[in-house]
Structures are given as C-alpha cells and as structure tokens.
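*Asks:* Please find one structure pasted underneath; my questions will follow.
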Amino acid sequence: FWSIGRLFGARHDSFFKGVGQNFVESWSVVLRTAFPFHSGSPGTHFPAWLIQMTWGLANELLGTLMGYFAVELFGAETRMFEHVQVIESATMAGALTMGSKVIGDSADLAGGSMGSGVPVIRHEQGHFYQNLLLGPLYLPVIGIPSIIHAGVHKGGHATYEHFYTESWATAWGR
C-alpha cells in the first residue's frame with residue numbers, strides 16, 4: 001500500500017521508513033479496537049467499549065478498516081484522545097469519525113477549532129458519542145448526511161455547525 005500512496009502523492013517518506021511506520025501504526029489501529037483502555041477516564045472506558053462492541057460493532061469495524069487504510073495509504077499516525085483513537089496525517093483533508101476512530105488532517109485535529117470555538121477533536125468526539133447512542137442508525141442519521149453536508153458546504157469551520165449533525169456533535173463534544 002505504501003507504493004500506492006506514494007504514486008498518488010499521499011506519501012513522502014522512504015520505503016523502509018514507510019513500511020516500518022505502517023507496521024507499528026497499523027497494529028495500533030487493530031489492537032486499540034480490541035483493547036482501547038488507556039489512561040484518562042478509565043471508569044467510562046469499559047461501558048463505552050461494551051456498547052461499541054455490541055450496538056456499534058458494524059461502525060467500529062468500518063472505522064477500523066478506514067483507519068488501517070489511512071495508515072497504509074497516507075502514512076497516518078495514531079494517538080489516543082479520551083475515548084477515541086485519532087488517526088491523522090498532513091496529507092488528508094478535514095476529519096470524520098467512524099466508531100471510535102477519528103480520521104483526518106493532523107493540523108485540524110491538533111489545534112483547529114470550529115466556528116463556535118470548540119476544538120475540532122472535541123467536535124469529532126461528539127460524533128463518537130452520537131455513534132454510541134445510535135449504533136447501526138449512525139450512518140443513515142449522522143454519517144451520510146454529514147458527508148453530503150461537508151461535500152456541498154462552502155465557508156470553512158465558521159458556518160459549518162448550522163447543520164443538525166454538526167451542531168449536535170459540537171454540543172456533545174464540549
């Protein structure tokens with residue numbers, strides 16, 4: 001996959017560095033799906049994990065697959081933020097959440113903020129909470145409308161939250 005990412009300009013690292021990083025980061029994506037527990041708020045990790053592995057299993061598996069390909073094709077790196085695994089790369093644009101995986105642009109996820117002033121990473125965590133509540137309904141109620149909204153929206157973060165999926169995510173991510 002490194003060569004495909006390189007061919008399309010998404011990878012700028014050497015072959016050996018890229019393959020080594022892919023190995024570590026890809027396993028991080030997979031293992032953090034099965035064992036997401038880390039420092040932070042441990043009292044809430046197990047209940048969220050239990051809901052995610054039952055009610056939200058389809059979304060979690062899709063998010064894991066998307067995160068794996070983000071690592072392989074874009075050279076993304078991973079880190080944990082409260083209840084979500086952040087998979088970020090400077091060669092990606094925007095951000096999206098599927099299951100407990102937040103995938104997107106490293107600059108936005110590190111310090112970007114929405115029009116309301118809420119950090120992008122907290123907004124995306126709000127989508128994770130929507131996912132916990134809605135389970136298999138997340139894609140038709142939140143995911144697909146949100147992707148369509150992002151595709152047609154012009155104006156950046158300043159006016160992005162007027163749409164119901166985004167204002168709800170921001171409110172829950174605060």
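*Asks:* Let me check I've understood the local charge: for T97, count other residues with C-beta under 13 angstrom from its C-beta, Lys and Arg +1, Asp and Glu -1. What total comes out? The partial results should precede the final answer.
*Replies:* Values: positive: K101, R122; negative: E60, E82, E88, D108, E124, E166.
After counting each charged neighbour, the total is -4.
*Asks:* Could you tell me what % of all Cα pairs in segment 87-174 have separations over 20 Å?
*Replies:* Working: 926 of 3828 pairs.
Value for segment 87-174 (Cα pairs over 20 Å): 24 percent.
*Asks:* Something else now. Report, in debye and to the nearest 20, how large the dipole of segment 31-113 comes out about its Cα centre when Lys and Arg carry +1 and Asp and Glu carry -1 on their Cβ.
*Replies:* Details: 3 positive and 7 negative charges, 42 e Å.
Using only the charged Cβ atoms, the result is roughly 200 debye.
*Asks:* Follow-up question, since we're still on this one. Using a Förster distance of 25 Å, how high is the FRET efficiency between H153 and L62, based on the Cβ-Cβ distance and rounded to 0.05? It would help to have the intermediate numbers written out before the result.
*Replies:* Details: r = 23 Å, r/R0 = 0.92.
Once rounded, the FRET efficiency stands at 0.60.
*Asks:* Given a cut-off of under 8 Å on Cα pairs at least six residues apart, what relative contact order in percent is computed for segment 102-174? Intermediate values should be presented prior to the final figure.
*Replies:* Numbers: 73 pairs, mean separation 32.2, N = 73.
Here the relative contact order equals 44 percent.
*Asks:* Moving to a separate point now. Report the charge-dipole magnitude of segment 33-174 in Debye, nearest 20, computed about the Cα centre from +1 at each Lys and Arg Cβ and -1 at each Asp and Glu Cβ.
*Replies:* Value, rounded to 20: 200 debye.
*Asks:* Hey, got the dipole for segment 93-174? About the Cα centre, +1 on K and R Cβ, -1 on D and E Cβ, debye to the nearest 20?
*Replies:* On the way: 4 positive and 5 negative charges, 17 e Å.
Rounded to the nearest 20 debye, it is 80 debye.
*Asks:* What's the local net charge at H123, with K and R +1, D and E -1, over the other residues with C-beta under 11 Å away?
*Replies:* Values: positive: R122, R174; negative: D108, E124, E161, E166.
In short, -2.
Throughout, read-outs are computed from the coordinates displayed, never taken from laboratory work. From a predicted model like this one, the values you see are computed outputs, not experimental measurements. For neighbour counting, all protein chains shown are included, and Cβ atoms are generated from backbone atoms with ideal geometry for every residue, glycine included.
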